[in-house]
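Reading through the structure tokens given below for one structure.
What follows is calculated from the coordinates using simple rules that are stated; it is not laboratory data. Nothing here was measured: the structure is a model prediction, and the numbers come from that model. Positions of Cβ are backbone-derived with ideal geometry, glycine not excepted, and every protein chain shown enters the neighbour counts.
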Amino acid sequence: MIFLWTDTLIFLLLLVLIGIACALRGKEPIQRPLNKITNSRVGMVSLVVLLFYVFVGLLDSIHFKSNHDNNEIISLLDYCVTPLRDHNEKTYSAPFAATLYSKEMVAKEGVMQWDFPRLAYGGKHLTDPESEKTGDIFQKSMIGFLIGFAVFITLTSLFSAGYYLLVKKVPKFNALYPVLISFFCIVTVSSLLGYLSLYYHVFGTDKVGEDVFYQAIKSIRTGLVIGTLTTLVMLPLAILFGILAGFFRGWVDDLIQYIYTTLNSIPGVLLIAASVLMVQVYMANHEAEFTSVIVRADMRLLFLCLILGVTSWTGLCRLLRAETLKLREMEYVQAARALGVKQHAILLQHILPNVMHIVLISVVLDFSSLVLAEAVLSYINIGVDPTTFSWGNMINGARLEMAREPIVWWSLSAAFIFMFVLVLAANLFADVVQDAFDPRSAVNE
Amino acid sequence: MTKSLLQVEKLSVVFNTHHKVVDDISFDVYPGETFALVGESGSGKSITALSVLRLLPNNATIQASSITLTGENLLKKTELEMCRIRGRRIALIFQDPMSSLNPVMTIGDQVAEAIHQHFPLSKSDTQQRVLELLQQVELPEPDKRIKDYPHQLSGGQRQRVMIAIALAGKPDLLIADEPTTSLDVTIQAQILSLLKNIQKETGMGLWLISHDLALVSTIADRVAVMQKGIIVETGNSGDLFSRPQHPYTQKLLSALPSIQSCLNHIAEQKLPLLEVDDFHCYYPIRKGLFKRIAGYVRAVDGVSFTIQKGKTLALVGESGCGKTTLGKSLLNLIPGGAGTVKIDGIDLHALSGESLRKQRANMQIIFQDPFSSMNPRMLVGDIVAEGIKALFPEIGEEQRKDRVSLLLEQVGLPGDSALRYPHEFSGGQRQRICIARALAVRPKLIVCDEPTSALDVSVQAQIIALLKTLQREQGISYLFITHDLAVVAEIADEIAVMYQGKIIEQGKVEKILFESEHEYTKKLIAALPKLENNSK
């Protein structure tokens, strides 16, 4: 086992979340919002989708040295999808293609001809791709579907049996069918795609012949890391400074405003470029500590998260300061003062819970914009390491081929689909969570 | 009998297909008369007015046999035709003059805009008409005021502008939805007489919607009493108030605080609890780059009074006189207070930090708005327990829970209230929670900052009764801040009248109310709307 820096942080975060969940278990006030979330169909479906992304991301966060592949560091996910990783072609090929995307000189029956060469892996088992392909794809999809179906049945029956043995009652669960259906979709679609990719490149291949589907899956971890770690850096700064500035006014306010206006007036790209270059120089000077490519890429990713976090807290801080300014004049805060409640208790009890809706909304919006920001930064070469798989790098690579005729569309589409599903699920889930935790929305129940 | 101006027959309004807000009501408004629709909040008065104008939200449906305006059925009109009726034939004045005017347009432009909606006049003619209207609503110096923005006007002046806008279309019927609720008593009297005068001049119908029975009795010709969407009684103003038929009307009338009620007070001397001497609260006005102090707003300017143990001092005054500032700065909740505030011999303003916090238990406060005075994200139990946790940390969790449920019981709330959120309660119940929160730390004095002015009459009577019971049982003193002299008569032992930051008159309640010497106090008492037929 090898723990990269981001791996450690991700698992720490996971532990903290589990800890919080355990601490809150069985607490009366938390029960109602939780029931509301579990009863919301949209919320539960998006949760299932999110959990699947997190699952893939976590699989991709367990790294070890592989015995073959000349001692390279690979993740558990890499190990699971080894065929995908190994099936490298020469250059571009379209989804489900059996030939390359451009013509080359190929030897046919001893004669050199200008034609589409066959792929090394995609559709290799076919003798005549033209006539056999459609039927073969259909047949393979059915097999994939059936495998998925079997996996689904096993998993759900195991789960429900376990649940029944532990709890000994049938749960009352409003969103049961939507959850089952979405789980079913995820399991069958992924097993279908997985089975098909043993024989084809379902999303085609990119310029150096790498499977785009593999890239898209690997990018999930990068997206999640950038989204969550950056937020983790940003949130404490924004919340602490925003609330303190709004609540105490006076010189505290002046100081904090001074800091964030100064920070805001420096172009974020400059700061990011500077810090990424600094890390690179550092790594170049200490080569002994950063022996493998993956360790270096990981370090760069971590620093990108840090610096993105440092540059992006100001917007939320400003919002929170304004909201706190409003809240501190509310009568319940004055009543708390009259009751002799201490300052920090007022901040925690009265101010913080009442600004959480703003935090939640802006975190989710930021999450999506951070994933996008990564794409933009890759464009000017200060984003994640070029060897790291990320949707940004995929888009950046695809950008150059947009003008090509016929167009190479699959890298962009794959990145778009994966990103879209993640961001949409996160948005919908955040909506539900926000509604559930707002007691005022429960008036008409 | 003359032909009716507006005739509503069997009107029902249903929300979300099952929630009936207005239930099968019929009434007429005649030209030149003042018709008043009276009821407590949530009885469906405003919805009735909006449904006549067909301005209801989308989830509401109107079921009525007919709503006719001088013979035309409004329900059969198209939306375009309704647009020509709204403002032109029927005009509406809302309760809150603060939010009804556009803050970035001058009032002249806003009145001109309303005129343009209905009459295609040239620019100079419009200007002329704006001036006429502003004169008609008796806005002082209309030719100068025409270029003012809403924030430059007082509340009463803003309401006058709203009336001018409503009159711009020369309507046949003017609907006034609680036109004076957010105004001071003296201003309220002025606005009402203005409405009455304009009605006499133009001969339009005036449909007044109000919760204030006393006010209605002074101005209306005919009154309909509404309860839970049903009109329970209709009648001429005189008959209805002197001989109410329906039990609900009788209940409303009896709940009305009366200025006579102070005559039964028993005066007995007790030890002083709170001594306030020469108390000031100044706000600095800062100017220039270095925020140099250029002067002070004297919100409270040298106030002295004492409150005896187990007694109530009422602090009376119009909005802006500094009474709320005084209440809050006595508790050290806002900066700028200076002077001696001794409670039981301890000077609160000489303390600060931790020692002040420890003394907080002595004095508590109840606010006016029961909706913003509780954290919406806290359970009622936690809200009530907050003070105990902060000031008596030695009390264990079990004991605290017992104490909270005892307190909730004392203020008359159901036992399961502790595990509910504030928004699940009505205004009166929320005010009870606030009282329980204040009682939790066993205060000697509670500052009640207009605790009943956001509540309905019958609820107000209940809250006053609760406060009195608590005073009798626990010997708490109250500093009762209010603008409503009738409520004062119910609860207070002494009155202090405040005007522009100073106390101008102070004394026993019956002395102030009936033998006042000061001009301003007399004016306040005179402006108080009284039930006209009640004093037989």
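Kindly point out which whole DSSP H helices in chain A project their C-alpha atoms 15 angstrom or further along the helix axis while averaging a Kyte-Doolittle hydropathy of 0.5 or above.
Values: long enough: A:5-24 (29 Å, 2.35); A:28-39 (17 Å, -1.12); A:41-59 (27 Å, 2.33); A:129-167 (56 Å, 0.82); A:176-196 (30 Å, 1.95); A:212-248 (52 Å, 1.63); A:250-265 (23 Å, 0.04); A:268-285 (26 Å, 1.80); A:293-327 (50 Å, 1.13); A:352-379 (39 Å, 1.62); A:410-437 (40 Å, 1.67).
Qualifying helices: A:5-24, A:41-59, A:129-167, A:176-196, A:212-248, A:268-285, A:293-327, A:352-379, A:410-437.
Tell me which of A:GLY123, A:LEU12, A:ALA338 sits at the most positive position along the dipole axis of chain A, charges placed on C-beta atoms (Lys, Arg +1; Asp, Glu -1). It is A:ALA338. Packing here is the average count of other Cβ atoms within 10 Å per residue, and on that basis the peptides A:293-302, B:122-131, B:381-390, highest first, run B:381-390, A:293-302, B:122-131. Between the alpha-carbon centres of the range B:202-265 and the range A:360-427 there is a gap of 68 Å. Charge dipole of the range A:90-196 (Cα centre as origin; +1 on each Lys and Arg Cβ, -1 on each Asp and Glu Cβ, all else neutral): 660 debye, rounded to the nearest 20.
Given springs between every Cα pair under 10 Å in a Gaussian network model of chain A, which of A:ILE395, A:ILE73, A:ILE220 has the largest fluctuation? Its mean-square fluctuation being the largest, the pick is A:ILE73. Ranked by the mean number of other Cβ atoms within 10 Å of their residues, highest first, the peptides B:97-107, B:208-218 come out as B:208-218, B:97-107.
Between the residues B:SER210, B:SER458, B:GLY337, the greatest Cα displacement towards the positive end of the dipole of chain B, with unit charges on the Cβ of Lys, Arg, Asp and Glu, is found for B:GLY337.
Do any trypsin sites (Lys or Arg not before Pro) in the range B:187-288 lie in a loop, going by DSSP, with at most 13 other beta-carbon atoms within 10 Å of their beta carbon, and if so which?
Numbers: sites: B:LYS196, B:LYS200, B:ARG222, B:LYS228, B:LYS251, B:LYS270, B:ARG286, B:LYS287; in loops: B:LYS228, B:LYS270.
Counting only loop positions with at most 13 other Cβ atoms within 10 Å, the trypsin sites (Lys or Arg not before Pro) in the range B:187-288 are B:LYS270.
The spacing between the range A:274-327 and the range B:340-410, judged by their C-alpha centroids, is 45 Å.
The distance separating the Cα centre of the range B:473-521 from that of the range A:103-135 comes to 101 Å.
Given an 8 Å cut-off on Cα distances and at least 6 residues of separation, report the relative contact order of the range A:16-124 as a percent.
Numbers: 92 pairs, mean separation 14.4, N = 109.
Worked out over the range A:16-124, it gives 13 percent.
How crowded by other chains is B:384-394, given as the mean number of beta carbons from other chains within 10 Å of each beta carbon? Walk me through the intermediate numbers first.
On the way: counts 0, 0, 10, 6, 1, 5, 9, 3, 1, 0, 0.
Partner-chain Cβ atoms within 10 Å, mean over residues of B:384-394: 3.
With a cap of 14 neighbouring Cβ atoms within 10 Å, and only residues DSSP puts in a loop, list the trypsin sites (Lys or Arg not before Pro) found in the range A:345-445.
Details: sites: A:ARG399, A:ARG404, A:ARG440; in loops: A:ARG404.
The qualifying sites are A:ARG404.
Between the residues B:GLN269, A:ILE137, A:CYS185, the greatest Cα displacement towards the positive end of the dipole of the protein assembly as shown, with unit charges on the Cβ of Lys, Arg, Asp and Glu, is found for B:GLN269.
Of all lysines in the structure, not one has an alpha carbon short of 16 Å from that of A:LYS326, not counting any fewer than 8 places away in one chain.
Pick out which of A:GLY123, A:GLY242, A:GLY315 has the largest mean-square fluctuation in a Gaussian network model of chain A, springs linking Cα atoms closer than 10 Å. Looking only at A:GLY123, A:GLY242, A:GLY315, the biggest GNM fluctuation is shown by A:GLY315. Counting only alpha carbon atoms, the long axis of helix B:107-118 and the longest principal axis of chain B meet at about 30°. The alpha-carbon atoms of chain B define a convex hull whose volume equals 187 cubic angstrom per residue.
Given the pairs B:LYS10/B:LYS200; B:LYS76/B:LYS200; B:LYS270/B:LYS530; B:LYS144/B:LYS502; B:LYS123/B:LYS147, which span a C-alpha to C-alpha distance of over 26 angstrom in this model? With Cα atoms farther than 26 Å apart: B:LYS10/B:LYS200; B:LYS76/B:LYS200; B:LYS270/B:LYS530; B:LYS144/B:LYS502.
Please label the shape of the range A:166-237 as rounded, prolate or oblate, based on the square roots a ≥ b ≥ c of the eigenvalues of the alpha-carbon gyration tensor (a/c under 1.5 means rounded; beyond that, a/b larger than b/c means prolate, else oblate).
oblate
For chain B, relative contact order (Cα pairs under 8 Å, six or more residues apart, normalised by length) works out to 16 percent. DSSP loop (so not H, G, I, E, B), at most 11 other Cβ within 10 Å: list which GluC sites (Glu not before Pro) in the range B:260-359 pass both filters. Hits after loop and neighbour filter: B:GLU268.
Dimensions of the range B:20-169 based on its C-alpha atoms, expressed as ranges along the principal axes with the largest first, amount to 49, 34, 31 Å.
Calculate the mean, over all residues of peptide B:371-382, of how many other protein chain Cβ atoms lie within 10 angstrom of the residue's Cβ. Spell out each step's value before the answer.
Values: counts 1, 5, 6, 4, 13, 7, 12, 7, 3, 0, 2, 2.
Partner-chain Cβ atoms within 10 Å, mean over residues of B:371-382: 5.
Rounded to the nearest 20, the size of the Cβ-charge dipole of the protein assembly as shown about its Cα centre is 1000 debye, with Lys and Arg at +1 and Asp and Glu at -1. Over the protein assembly as shown, dividing the summed -39,500 (n - 2.57) contributions of all DSSP H runs of at least 4 residues by the number of residues returns a 222 nm mean residue ellipticity of -16500 deg cm²/dmol.
Given +1 at the Cβ of Lys and Arg, -1 at the Cβ of Asp and Glu and no other charges, the dipole of the range B:435-536 around its Cα centre is 260 debye to the nearest 20. The modelled label-to-label distance between B:LYS170 and B:SER426, using points 7 Å beyond Cα along the C-beta direction, is 4.6 nm.
Counts of other chain beta carbons within 10 angstrom of each beta carbon in peptide A:339-347 average 5.
Take every Cα pair under 8 Å in chain A that's 6+ residues apart, average their separations, divide by the length, and report that relative contact order as a whole percent.
Contact order relative to length: 20 percent.
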